[in-house]
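Structure first, then comments.
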Amino acid sequence: MSARDRLRIAIQKSGRLSDASIDLLARCGLKFRRSRDKLFCFGESLPVDLLLVRDDDVPGMIAQGVCDLGIVGRNVLLEQALDSANAGDGAAFREVRALGFGHCRLALAVPEEFAYADAAQLGGLRIATSYPNLLADWLRRAGVQAAVVTLSGSVEIAPRLGTADCICDLVSSGATLAANQLREAAIILESEAVLAAGTLSPADARAELIDMLLRRIDGVIQVRVSKLVMWQSPRAALDAITRLLPQGQRPTVTSIEGQDNQVSVQAICNGAITWQHLEDMQRAGARQMLVLPVEQMLA
Ligand code: PRT
Ligand code: ZN
């Protein structure tokens, strides 16, 4: 098997997305000969290898064909896609799945004393950011002319240093903004970790590996939000009880031997089941309710 019969996935070497990326791939059944200090991990269970890189390098490595897939923040992927577009190139990578971790938002933040009401107030101001393309795109769509000051780090201190009037940066808890007397004013992009792939699918064995991996990833994502709910109830109450639950697959209904009109039900639900759900179900006639986590799922 030649080297490129093996699939390559680029993930962040060390940072916010590293552990969750490794965990996702492990849940997909991928095992690697671990050498996390090195750049390359050999896949032992499938012909799928890992490249451990800086998150900013992931889109470029896909574009160059060095790797086939990558896990990276949507913020990084879209920033670089806009960069390629501005340079007159079509982006050679695209988001294929949102992965449900690494959630954050790219937000405009202003000094606490700035009474922000709408984007028009930003006209003529200087906005510091590490995401100049995403910010410029947002300003253009808002019809605002402001100066974009590109910084590679420590964006949040720019207003205090006097190098900018406000900032556009990633926010998750908001603690960093608060510590710097800044306030979130507008969301420019909702972000999370995504699986990125090239715009062209490989025309060899890798295409099948990518399909298989996507099916497994879908299963893993589905499982995270899925619960198996089981209960017993009168058959006549079945519809009313099912309507109380988060959307899911059609329930499996079994009659209970020796108990006329009583059924035992199991239903996969896509969403959290709260005490409130269970109490409502009980009032609608359900008893012996059980909520179980789902371990694996293949549609
Ligand atoms: O070394 P390398 O280049 O690979 O890593 P990096 O330092 O560029 O990236 P890293 O590990 O910091 O972030 C990787 C990705 O995690 C980002 O591209 C986002 O998609 C995602 N992510 C999720 C975040 C955050 N949450 C986050 N809070 N990235 C950065 N932050 C920073 C933010 O910039 C700010 O400084 O955390 C601070 C704000 O956090 P709060 O909780 O105080 O609001
Ligand atoms: Zn980075």
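Please treat every number below as a calculation from the coordinates, not as lab data. None of these values were measured; they are calculated from a predicted model. When we count neighbours, we look across all protein chains shown, and the Cβ atoms used for this are built from the backbone with ideal geometry, even at glycine.
Quick one: is ILE62 within 16 Å of ligand 2 (Cβ to nearest atom), in a strand (DSSP E or B) and of a type in the set (Val, Ile, Thr)?
So ILE62 fails the test.
In the list SER45, SER14, which residue meets the criterion of being hydroxyl-bearing (Ser, Thr, Tyr) and more than 10 Å from ligand 1 (Cβ to nearest atom)?
The unique qualifying residue is SER45.
Name every residue in the stretch 31-54 that is touching a residue at least 40 places away in the same chain (Cβ under 8 Å) and more than 16 Å from ligand 2 (Cβ to nearest atom), in order of residue number.
Scanning the stretch 31-54 gives LEU46, PRO47, VAL48, ASP49, LEU50.
Among the candidates LEU170, LEU200, LEU195, which residue alone is touching a strand residue (DSSP E or B) at 6+ places or on another chain (Cβ under 6 Å) and either more than 7 Å from ligand 1 (Cβ to nearest atom) or part of a loop (DSSP other than H, G, I, E, B) (or both)?
Criteria check complete, one pass: LEU195.
Could you grab the pairs with beta carbons closer than 9 Å, sequence gap of 6+ or different chains, first residue in the stretch 8-28 and touching a residue at least 24 places away in the same chain (Cβ under 8 Å), second one of a type in the set (Gly, Ala, Ser) and part of a helix (DSSP H, G or I)?
Cβ pairs passing all conditions: ILE9/SER21; ILE11/SER18; ILE11/SER21; GLN12/SER18; GLN12/SER21; ARG27/GLY219; CYS28/GLY219.
Confirm whether CYS28 is farther than 19 Å from ASP218 by Cβ and away from ligand 1 (no atom under 14 Å from the Cβ).
Numbers: farther than 19 Å from ASP218 by Cβ: no; away from ligand 1 (no atom under 14 Å from the Cβ): yes.
It is false that CYS28 is farther than 19 Å from ASP218 by Cβ and away from ligand 1 (no atom under 14 Å from the Cβ).
Where in the stretch 226-299 are the strands (runs of 3 or more DSSP E), entirely inside, with at least 3 residues that are of a type in the set (Val, Ile, Thr)?
Passing ranges, in order: 252-255, 262-270.
Going by the conditions given, is ILE188 closer than 28 Å to GLY70 by Cβ, within 14 Å of ligand 1 (Cβ to nearest atom) and outside any loop (DSSP other than H, G, I, E, B)?
yes
Regarding the stretch 49-58, can at least one residue be identified that is in contact with a Phe, Trp or Tyr (Cβ under 8 Å, 6 or more places away or on another chain), part of a strand (DSSP E or B) and away from ligand 1 (no atom under 16 Å from the Cβ)?
First, pick out the residues of the stretch 49-58 that are in contact with a Phe, Trp or Tyr (Cβ under 8 Å, 6 or more places away or on another chain): 49-52.
Applying the additional criterion that residues be part of a strand (DSSP E or B) yields 49-52.
Add one more test, that the residue is away from ligand 1 (no atom under 16 Å from the Cβ), and what stays is 49.
Checked against the condition, which is being in contact with a Phe, Trp or Tyr (Cβ under 8 Å, 6 or more places away or on another chain), part of a strand (DSSP E or B) and away from ligand 1 (no atom under 16 Å from the Cβ), the stretch 49-58 yields at least one hit.
For the stretch 123-155, name all the residues that are touching a Leu at 6+ places or on another chain (Cβ under 7 Å) and in contact (Cβ under 8 Å) with a residue 40 or more places away in the chain.
Correct list: ILE127, ALA128, THR129, TYR131, ASN133, LEU134, ASP137.
Conditions tested, residue by residue: (1) within 30 Å of SER130 (Cβ to Cβ); (2) within 23 Å of the chain's Cα centre (by Cα).
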site: LEU7; (1), (2): no, yes
site: GLY15; (1), (2): yes, yes
site: ILE22; (1), (2): yes, yes
site: ARG33; (1), (2): no, no
site: LYS38; (1), (2): yes, no
site: GLY43; (1), (2): no, no
site: PRO47; (1), (2): no, no
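If you scan the stretch 63-90, which residues turn out to be of a type in the set (Gly, Ala, Ser) and more than 15 Å from the chain's Cα centre (by Cα)?
Across the stretch 63-90, the qualifying residues are ALA63, GLY65, ALA81, SER84, ALA85, ALA87, GLY88, GLY90.
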